[in-house]
1. Is it the case that the stretch 270-289 has a residue that's in a strand (DSSP E or B) and within 15 Å of ligand 1 (Cβ to nearest atom)?
2. For G272, indicate whether it is on the phi > 0 side of the Ramachandran plot, small (G, A, S) and away from ligand 2 (no atom under 16 Å from the Cβ).
3. Go through E119, E180 for me and flag whichever is acidic (D, E), surrounded by fewer than 20 Cβ atoms within 10 Å (Cβ to Cβ) and under 29 Å from the mean Cα position of the chain (by Cα).
4. Starting from residues that are open to solvent by less than 30 Å² (accessible area, probe 1.4 Å) and either farther than 30 Å from A173 by Cβ or touching an Asp or Glu at 6+ places or on another chain (Cβ under 9 Å) (or both), keep the ones in the stretch 46-61 and report whichever is nearest to ligand 1 (Cβ to nearest atom).
5. Scan the stretch 742-749 and tell me whether some residue there is closer than 26 Å to I490 by Cβ, modelled with pLDDT of 95 or more and under 16 Å from the mean Cα position of the chain (by Cα).
6. When you look at D480, is it among the acidic types (D, E) and part of a loop (DSSP other than H, G, I, E, B), yes or no?
7. Can you confirm whether the stretch 87-107 contains a residue that is within 27 Å of the chain's Cα centre (by Cα) and farther than 21 Å from S284 by Cβ?
8. Is it the case that the stretch 523-542 has a residue that's farther than 30 Å from G592 by Cβ, out of contact with any strand residue (DSSP E or B) (no Cβ under 6 Å at 6 or more places or on another chain) and open to solvent by 50 Å² or more (accessible area, probe 1.4 Å)?
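The values are calculated or read from the model by the stated rules, or taken from the named source; none is laboratory data. All of these numbers come straight from a predicted model, not from anything done at the bench. Positions of Cβ are generated from backbone atoms using ideal geometry, with glycine treated the same way; all protein chains shown enter the neighbour counts. SASA here: full protein model, heavy atoms, side chains in, ligands and nucleic acids out. Shrake-Rupley method; radii C 1.70, N 1.55, O 1.52, S 1.80 Å.
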Amino acid sequence: MKIACIGGGPAGLYFAISMKLRDSSHDIQVFERNPPGVTFGWGVVFSDLTVDNITRNDPASAATITQEFAHWDDIDVHFKGETITSGGHGFIGIGRKRLLEILRDRARELGVALHFNAECDPGDPKWRDFDLVIASDGANSRFRDARAKAFRVDVDVRANKFVWLGTSKVFDAFTFAFEETEHGWIWAHAYRFASDCSTFIVECSEETWHRFGFDRMSQEESIAACEKLFARYLDGHSLQSNASHLLGSAAWLNFRRIKCERWSAGNVILLGDAAHTAHFSIGSGTKLALEDAIKLADVLNRPGLSLEAALDEYQAERSLEVLKLQNSARNSTEWFETLERYTHFEPLQFAYSLLTRSQRISHENLRLRDREWLETVERWFWKRATDGKSNKTAPPMFAPLKLRDLTVENRIVVSPMDMYSAVDGTPNDFHFVHYGERAIGGAGLIFTEMTCVSPEGRISPGCTGMWNADHVAAWKRIVDFVHAQSKAKICLQLGHSGGKGSTGLGWEGSDLPLADGNWPVVAASNVQWSPVNQVPKPMTRADMDQVREQFVAAVRMGIEAGFDMIELHAAHGYLLSGFITPLQNRRTDEYGGSLENRLRYPLEVFAAMRAAWPSDRPMSVRISATDWAGEDGITPEDAVLIGEAFAREGADLIDVSAGQTWAGQEPVYGRMFQTPFSDRVRNEGKLATMAVGNIYEPDHANSILAAGRADLVALARPHLVDPFWTLRAAAQLDYRDIYCPPQYLNGLSQLARNLKREAEANTAALRV
Ligand SMILES: Cc1cc2nc3c(=O)[nH]c(=O)nc-3n(C[C@H](O)[C@H](O)[C@H](O)COP(=O)(O)OP(=O)(O)OC[C@H]3O[C@@H](n4cnc5c(N)ncnc54)[C@H](O)[C@@H]3O)c2cc1C
Ligand SMILES: Cc1cc2nc3c(=O)[nH]c(=O)nc-3n(C[C@H](O)[C@H](O)[C@H](O)COP(=O)(O)O)c2cc1C
C-alpha cells in the first residue's frame, strides 16, 4: 500500500514503523511540518504495560527506549508547607525529543521516507495518489477539521490554563507543588525524564491566570513569574519553554478534550491525538497514540480482512480503550479544575484525594504501592474520627462517626429500601426479619424504608407508615431487636409520596397507577408524573399545614418507638422533592419560582420536625442532587445550596442521592456514579454527607471515606442479597474489632481464615 502519514509525532512515526515491520513492501511516507528535532513539550511518562506492548510490537526500538528511561517510584505532594511522600508508584519517563529521535532512526532504518519542513494542506490533490492518508497530525489536526462533520468531532475546551515548561532541576520524585498566592492557587506537575532534565507543567484556574496578568505577559515575563513562584522547588534552576514558536506567544493553553464518533472517512484515518486526547494529568496520550498505531497496523495487514472490516475493528477496539481512559482523565481534569474544593483538607488527606482523583487508584491499590504510607492515612483517619482517642491502623469504613450525641459504630449504612410488604402501613414479620438480619450483618446504621406519614402519603398499598399506634408498636419491636442484638443504630426515614403516590408495588410496575382503589394525590403543582398517572391536586396552605403536622406527629411516634435518628425524604420526586425541583413545581406563590421559594415548604416541614425531635439526636435529609436535566432542573451547584439550607435548620447529615424527579431522566450510570455529588456538597458546603449509588466493594467505601468524598457510605441493592456485607468486608480486610453476634463468631473467623489463605495463594501464584 502507498500510505502518507501526516505528522511525525509518536503516532505517525510508530505507525510507519509498525507497517514496515509487518510488510516491508509498503510505501510509507511521513510528512512533518517542523525540521527534525524541533518539537513541543519535554518529557512523557509510560506505564509498564505500555512498555510490554511496544516490546512485543518492535523489540528493537523498545530496547533503545527502555535503556534511556528515567525511573522513579515516589510522589511528593507539597501543600501548605508540608511534603507528603508516598512510594511504589513506578513511573518511567523519556524526553519527547529523544523518543522521536529513536522512532525517526528506526523508521529510516526500516525504509520509511521522512519529509521534514513539509506543511501539509488537506486540500492538496496529491493525497488522492495515496491509498491511505493517516491523519496523525496531533490535537489540532487540520486533516480532521477539514472533514469535521464526517468524523463528528466533539471538542471540550477545559477551564484551567497550563504551560508545559522544562528545567535542568532534576526531581527525584514525581512532584506536585501547590502554592497559595494572593491571586489564588497555582501548582506545578514536575518529573524527571532524563539525567539532567525535568518536565515542569504549571497550571491554574483561568481567574487566577488573569489576576496574575499572565494574559498580558510576554513569554519571558511569564516564565520569570513562574520561576519566582516556584523558586523553593527549583533550587536556582531556571524554567525554559521550547514551544513558543510552535504554540504562540506565552504558550499558555486550555486543554482541549477531543472525541470523534468516526475515525475514518474516505481514505483518511485518524490516529493518536487527532482522534482523541486525554488530559496531561494522567499522562497517557503517547501510550494511546502508540497503541492506536499497533492496532491499525495489525488490522491493515491481516490477510483476508477487507479495508472496511479492518477500520471497523480498529475503531471498535481502540475507541473502547480511549473511552475508559477519557473517563479517568475527566475525573482527574475536574479534580484540578475544582481544586479549591479540597484546599481546606489537611495535607495527608489532600495528598490521598489527589492520588485517587481519577478513581483508577483505590485504597487497596495504594496499600499495594506503599503499605506504610497508607497506614499513616488510616491512623490519621481513625484519630480524627475519635477526637484523637484511637491510634488504630484499620480501614476507614470501620471507624465510628459521631452525629450529635449518637455514635455510629462504623461508616457502612443500609440505604432506605421500600419493601412494599406492609398491610395498612404496619410492618410485619417480614420487616422484623429483614431489618433484624441487616442489623446483625454488621452495618453501623440501618435506614428504614420510606415510611409514610399518612395513608394518602404512601407510594403503594404496601408501604410502611407511621400514623397510628399499631405502627408504633410494630416499629418498636424492630427497633428493640436492633438495639438488643446488634450494635447498629436505626434511622426512620419519613416521607410523603406527593404526585408519585397511589401506584403499584415495586415489582408490579412501580410508578404506574393501581388497577383499582386509587386514592387522590396532592403535590406542589398539577404536574403529572407521566400521562398515565393522576393529575395531582396543587396543595393549598391548609393542605400544607396538615401534612406538616402529619410529619411532626410521625416524629413523635418515632421517639416512642425508640429510633436513634430521623431522615426526611426530600428526594426522588416525592412530595417535598416535588416542591424543590422546578420540573414539578410550577407555583406562582411564595412556594414556587426561585430555589429559595421552592425550598420554603420543605424547610418549614423540616424545622417543625427538628423542633419535635430530641436535640441530642441527629437528623438527616435525603436530596436529589441533580435532576439529570441540565440547567432546566436541579443542578449539583443547587444541591450545595439545598444542603446548606437544611443544615441551617439543624440537619446533621445530607444523604446525597440523585434523580428520579421526572420520568424522562437519563442518568450517567457507573461505579460510584453519584459520589461526585456527595463530594461537592460535602466539600463546598462543608457539610457531613452520605454517598450512595452503585457502591459495592469495601475498597470503594474506603476510598470514598479516606478521600473525604463522604462521611458515611450507603449500600442499597448489595444489602438485598447480602445482609452480612459489612461482616464479610471485615473478614476480607482481616479487621477483627467488629461486633459479631456470638452465635455467628465461628463463621466469621472461618471466613476470614479462608479468605486470607486464598489471598496468600493468589499472591504466591502471581510471583510464580
Ligand atoms: C502538557 C502536556 C503534557 C503531556 N504529558 C504527557 C505524558 O506525560 N505522557 C504522555 O503519554 N502524553 C503526554 N502528553 C500527550 C502527548 O504529548 C500526546 O498525546 C502525543 O504527543 C500524541 O501523539 P501524536 O503523534 O498523536 O500527536 P503529536 O505528538 O502532537 O504529533 C503531531 C505531529 O504532527 C505535526 N503536524 C501537525 N499538523 C501538521 C501539518 N499540517 N503538516 C505536517 N505536520 C503536521 C506536528 O508538528 C507534530 O509533530 C502531554 C500533552 C501535553 C499538552
Ligand atoms: C428496592 C428498592 C427500594 C428503594 N426504596 C427507597 C426508599 O424507600 N427510600 C429511598 O430514599 N430510597 C429508596 N431506594 C433507593 C436506594 O436507597 C438507593 O439510593 C439506590 O438503590 C442506589 O443505591 P444502590 O446502587 O446501592 O442500590 C430504593 C432502592 C431499591 C433498590
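1. yes
2. yes
3. Residue meeting the stated conditions: E180.
4. Step by step, filter the stretch 46-61, then rank; the result is T50.
5. no
6. Working: among the acidic types (D, E): yes; part of a loop (DSSP other than H, G, I, E, B): no.
Answer is no for this residue.
7. yes
8. First pass over the stretch 523-542, keeping only residues farther than 30 Å from G592 by Cβ: none.
Checking the stretch 523-542: not a single residue is farther than 30 Å from G592 by Cβ, out of contact with any strand residue (DSSP E or B) (no Cβ under 6 Å at 6 or more places or on another chain) and open to solvent by 50 Å² or more (accessible area, probe 1.4 Å).
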